[in-house]
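The values are calculated or read from the model by the stated rules, or taken from the named source; none is laboratory data. Fair warning: this is a prediction, and the values are worked out from it, not measured in the lab. Ideal geometry is used to build each Cβ from the backbone, glycine not excepted, and the neighbour counts take in all protein chains shown. All accessible areas refer to the heavy atoms of the entire protein, side chains included, with ligands and DNA or RNA removed. Shrake-Rupley method; radii C 1.70, N 1.55, O 1.52, S 1.80 Å.
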Amino acid sequence: MTTDTCLKCGSPMGRGEYSCQVCGENEMQDYQMIRNYVRTYPNSNAMQIANATGISVSKILRYIRNGSLSVVDNPSRRGRS
Ligand SMILES: [Zn+2]
């Protein structure tokens, strides 16, 4: 089988994509919302972004891990004295 199914809704989708077209567009909107927030509040962490945007922390963390977003992963690690 070369056809994958969407991890979110189970619809068939092209191979190698994370989600189908419908979910992909939702993802894009989420991503843009996160990015706008990070642009406004560059020092926010995933939890703050989640609270502000209503997007789940795990989803935000995935964007961060992808390298799509650069936010503060763990503020306590920044060596604030
Ligand atoms: Zn889908």
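Which pairs have Cβ atoms under 9 Å, sit 6 or more apart or on different chains, and link a residue in the stretch 31-53 that is within 15 Å of TYR63 (Cα to Cα) to one that is of a type in the set (Phe, Trp, Tyr) and surrounded by fewer than 16 Cβ atoms within 10 Å (Cβ to Cβ)?
From the stretch 31-53, the pairs are GLN48/TYR41; ILE49/TYR41.
Applying the selection to the stretch 1-53, what residues are within 16 Å of the ligand (Cβ to nearest atom), hydrophobic (A, V, I, L, M, F, W, C) and open to solvent by 40 Å² or more (accessible area, probe 1.4 Å)?
Matches in the stretch 1-53: LEU7, CYS9, VAL22, MET28.
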